[in-house]
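**Student:** Before anything else, here's the structure in question.
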Amino acid sequence: MEKMYGKPVNLGLLSVLMVSVWFGSAAARADAVLDWNVIAVNTAVVNHQNPFAQARYAAIVQLAVFEAVNSITGEYKPYLGTITAPPGASAEAAAIEAAYHALSTYFPASSSALLAARTNSLAQIPDGQAKSDGIAIGDAVASAVIALRANDGSSPPQFKVPGPAVPGEWQATPSCPVVNGVAVGIALQWQNITPFGIPSASDFLLGPPPALTSNEYAKAYNEVMTVGGIDSTERPQDRSDVALFYAASSPTQVFNQAAQQVAQEQVHSLSENARDLALINMAMNDSLVASFLNKYHYNFWRPETAILAGARDGNPKTESDPDYAPFIVTPCFPSYPSNHGSAGSAASEVMRRLYGEAAHSITLSNPTVPRIVLQYTSFRQITDDISDARVYGGIHFRTDQEAAADLGRAVGAAVYKNNLRPAHDDN
């Protein structure tokens, strides 16, 4: 059993507005980059984007913000390198405008709230040529990043039609959408999205999931069957809370919230924050692309399917349970590896390199589950809880989580090492 880290706290009912800061201790104004990171994440959530779409939009926005700021400060190697800022341009104005331009392009339904936030943010900067130049830079960079991602493979949506119901093969679960009369898997196209910071997702193909006849599979099977069922008596309350929290909270929400707090704790500069958030969100997006590639490559069944068919898997150590239902809703795509685990481990790997692994004070909250607040001192504690959350939630085998941790760490390390390096770094 994983060590239990998250400590739930009863806060009562919380309210949230689209542009409000609900990121725990990050509520105090920091700088334009951090402020608009909050707005970006909340905007995607309010517009009902799924977790992998949230990661893509966050990466686009944070890269636009980084490139806008960096075109003025020149502290890091650029991502595009096509925009030249006039001397004296305001980096804060550039960051605000880049984020606003990108978000208003993708989320027109939120245009009024975004315009109000832009007006309020820009009002903090004195009028003049520096402000005007910064705004112009922000617009130019956002347009360039949006154009770069216009045909990145994220659309149109594609679906996976399940094959025959044979042991080990993914089958649609009850919440899956029906297309042309067939329940299907979603986000089939996500494996083909152009990554932001790695050359190709195919460079990160994992080894296969454990054989159905193996002891490793039996151990993972029996764990999730025991603790992950909706009526399980073996799931402690704190693991139930963790499962519910991470079912409601995407990796993009969780790790941007954590980064907000740690960046303020360590007093990072505007330029550092722009670069750090870009790297974190690039890594999460790219890990999800690689995760989907592995998911649809191996097409491994979910616990919900496996446990109902335990008598047919060829393993004498896996007894079936015809009444099994998971504690949280099973997502509509294959099990191996875990998306939450992959994206979380990628973000954690980047953040470990940026901020140090431990000795932090991180409080995670989400107004959709107001009763649950989790507190951490290290990034590893968060990823360990995510691993528990998916197993105790009944939707993943522990082996899915272990593979996801390996994948996420590899993608995170590659994104950190090969992108947005200090301007004078030759390594």
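**Student:** Sort through ALA325, ALA306, ALA311 and tell me the only one that's crowded, with 24+ Cβ neighbours inside 10 Å, over 21 Å from the mean Cα position of the chain (by Cα) and either of a type in the set (Val, Ile, Thr) or farther than 30 Å from GLN260 by Cβ (or both).
**Tutor:** Of the residues listed, the single one that is crowded, with 24+ Cβ neighbours inside 10 Å, over 21 Å from the mean Cα position of the chain (by Cα) and either of a type in the set (Val, Ile, Thr) or farther than 30 Å from GLN260 by Cβ (or both) is ALA306.
**Student:** Let me ask you something else. Name every residue in region 14-50 that is among the aliphatic types (A, V, I, L, M), under 17 Å from SER110 (Cα atoms) and either more than 19 Å from the chain's Cα centre (by Cα) or at pLDDT below 95 (or both), in order of residue number. Steps first, please.
**Tutor:** If we filter region 14-50 for residues that are among the aliphatic types (A, V, I, L, M), which is where we start, we get 14, 16-19, 21, 26-28, 30, 32-34, 38-41, 44-46.
Now narrow it down to the ones that are under 17 Å from SER110 (Cα atoms): 16-19, 21, 38-41, 44-46.
Those that are among the aliphatic types (A, V, I, L, M), under 17 Å from SER110 (Cα atoms) and either more than 19 Å from the chain's Cα centre (by Cα) or at pLDDT below 95 (or both): VAL16, LEU17, MET18, VAL19, VAL21.
**Student:** Continuing with the same structure: If the requirement is being assigned to a loop (DSSP other than H, G, I, E, B) and among the hydroxyl-bearing types (Ser, Thr, Tyr), which of these qualifies: SER348, SER335?
**Tutor:** That would be SER335, the only listed residue that is assigned to a loop (DSSP other than H, G, I, E, B) and among the hydroxyl-bearing types (Ser, Thr, Tyr).
**Student:** Look at GLY207 and say whether it is within 27 Å of ASN281 (Cβ to Cβ) and outside any helix (DSSP H, G or I).
**Tutor:** Spelling it out, it is not the case that GLY207 is within 27 Å of ASN281 (Cβ to Cβ) and outside any helix (DSSP H, G or I).
**Student:** Just to be sure, is ALA358 buried (at least 24 other Cβ atoms within 10 Å of the Cβ) and either free of Cβ contacts under 8 Å to residues at least 24 places away in the same chain or of a type in the set (Gly, Ala, Ser) (or both)? Let's see the steps before the verdict.
**Tutor:** Details: buried (at least 24 other Cβ atoms within 10 Å of the Cβ): no; either free of Cβ contacts under 8 Å to residues at least 24 places away in the same chain or of a type in the set (Gly, Ala, Ser) (or both): yes.
So ALA358 fails the test.
**Student:** I've got another one for you. Only one of (1) part of a helix (DSSP H, G or I); (2) in contact with a helix residue (DSSP H, G or I) (Cβ under 8 Å, 6 or more places away or on another chain) is not met by GLN381, so which one is it?
**Tutor:** Only one criterion in (1) part of a helix (DSSP H, G or I); (2) in contact with a helix residue (DSSP H, G or I) (Cβ under 8 Å, 6 or more places away or on another chain) is unmet by GLN381, namely (2).
**Student:** Moving on. Among the candidates PRO209, PRO236, which residue alone is more than 20 Å from the chain's Cα centre (by Cα) and within 28 Å of GLY412 (Cα to Cα)?
**Tutor:** Answer to the check: PRO209.
**Student:** May I pose another question? Given the criteria of a type in the set (S, T, N, Q) and out of contact with any Phe, Trp or Tyr (no Cβ under 9 Å at 6 or more places or on another chain), does THR318 qualify?
**Tutor:** no
**Student:** For PHE255, work out the one condition from (1) surrounded by fewer than 21 Cβ atoms within 10 Å (Cβ to Cβ); (2) in contact with a helix residue (DSSP H, G or I) (Cβ under 7 Å, 6 or more places away or on another chain) it doesn't fulfil.
**Tutor:** (1)
**Student:** Follow-up. When residues of region 403-427 are filtered for being touching a residue at least 12 places away in the same chain (Cβ under 8 Å), among the charged types (D, E, K, R) and surrounded by fewer than 16 Cβ atoms within 10 Å (Cβ to Cβ), how many remain?
**Tutor:** The number of residues fulfilling the criteria is 2.
**Student:** Quick check on this structure: which one of SER271, SER287 is over 19 Å from GLY394 (Cβ atoms), surrounded by 24 or more Cβ atoms within 10 Å (Cβ to Cβ) and among the hydroxyl-bearing types (Ser, Thr, Tyr)?
**Tutor:** One residue alone meets the criteria, SER287.
**Student:** Tell me whether region 385-403 contains one or more residues that are over 18 Å from ASP238 (Cβ atoms), of a type in the set (A, V, I, L, M) and not in a loop (DSSP other than H, G, I, E, B).
**Tutor:** There is at least one residue in region 385-403 that is over 18 Å from ASP238 (Cβ atoms), of a type in the set (A, V, I, L, M) and not in a loop (DSSP other than H, G, I, E, B).
The values are calculated or read from the model by the stated rules, or taken from the named source; none is laboratory data. Not measured: the values here are computed from a predicted model. Positions of Cβ are generated from backbone atoms using ideal geometry, with glycine treated the same way; all protein chains shown enter the neighbour counts.
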